[in-house]
Amino acid sequence: MQDTIFGKIARGEIAANLVYEDPKCVAFPDIAPAAPVHLLVIPREPFENILEADSETVAHVMKIAAQLGAQHCPDGFRLVTNTGKNGGQTVFHWHVHVLGGRELNWNF
């Protein structure tokens with residue numbers, strides 16, 4: 001796997017406005033938000049996508065994403081992970097989008 005901007009953020013090499021961090025993951029606002037609340041939760045370990053991540057990491061990242069969603073979007077939120085080019089993945093370091101702050105629709 002090639003190094004990505006998310007890997008550099010996870011290692012602290014690039015500054016980000018972290019809203020959460022622990023030894024396994026970090027979370028920060030998306031620079032191109034698709035909703036009033038749009039956070040990214042990334043594991044510190046550089047898995048290319050969710051298929052490569054171990055179940056312990058998947059569970060932890062999803063739990064933190066859900067907790068951040070509940071905290072920042074008490075009226076409801078969406079968790080999204082994209083896998084592969086056709087799945088909409090643009091940064092190949094697995095991450096979860098936390099989206100909310102308004103009613104969300106499925107517009108493709």
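Quick note: the coordinates plus some simple rules give every number you see, no bench work behind them. As the structure is a prediction and not an experimental result, all values here were calculated from the model. Neighbour counts are summed over all protein chains in view; Cβ atoms, including those assigned to glycine, are modelled from backbone coordinates with ideal geometry.
Odds and ends about this structure:
- Just one residue in the set 43, 29 is out of contact with any Asp or Glu (no Cβ under 6 Å at 6 or more places or on another chain), surrounded by fewer than 18 Cβ atoms within 10 Å (Cβ to Cβ) and more than 18 Å from residue 103 (Cα to Cα); that residue is 29.
- For the stretch 27-44, residues that are without any contact (Cβ under 8 Å) to a residue 24 or more places away in the chain and either of a type in the set (Asp, Glu) or assigned to a strand (DSSP E or B) (or both) total 2.
- Leading residue by the ranking (nearest to residue 5 (Cα to Cα)) among those in the stretch 80-106 that are in contact (Cβ under 8 Å) with a residue 60 or more places away in the chain and part of a strand (DSSP E or B): 97
- Of the residues making up the stretch 13-26, those that are farther than 17 Å from residue 99 by Cβ, touching a strand residue (DSSP E or B) at 6+ places or on another chain (Cβ under 9 Å), not in a strand (DSSP E or B) and not polar (S, T, N, Q) are 16, 18, 24.
- Test: residue in the stretch 66-79 that is outside any loop (DSSP other than H, G, I, E, B), farther than 21 Å from residue 22 by Cα and out of contact with any helix residue (DSSP H, G or I) (no Cβ under 6 Å at 6 or more places or on another chain): yes
- Applying the criterion of being of a type in the set (Val, Ile, Thr) and surrounded by 15 or more Cβ atoms within 10 Å (Cβ to Cβ) to the residues of the stretch 81-108, the residue that is farthest from residue 23 (Cα to Cα) is 83.
- Flag for residue 61 being surrounded by 18 or more Cβ atoms within 10 Å (Cβ to Cβ), among the aliphatic types (A, V, I, L, M), in contact (Cβ under 8 Å) with a residue 40 or more places away in the chain and in contact with a strand residue (DSSP E or B) (Cβ under 9 Å, 6 or more places away or on another chain): no
- Residue 48 meets all of the listed conditions (1) closer than 21 Å to residue 12 by Cα; (2) under 11 Å from the mean Cα position of the chain (by Cα) but one, namely (2).
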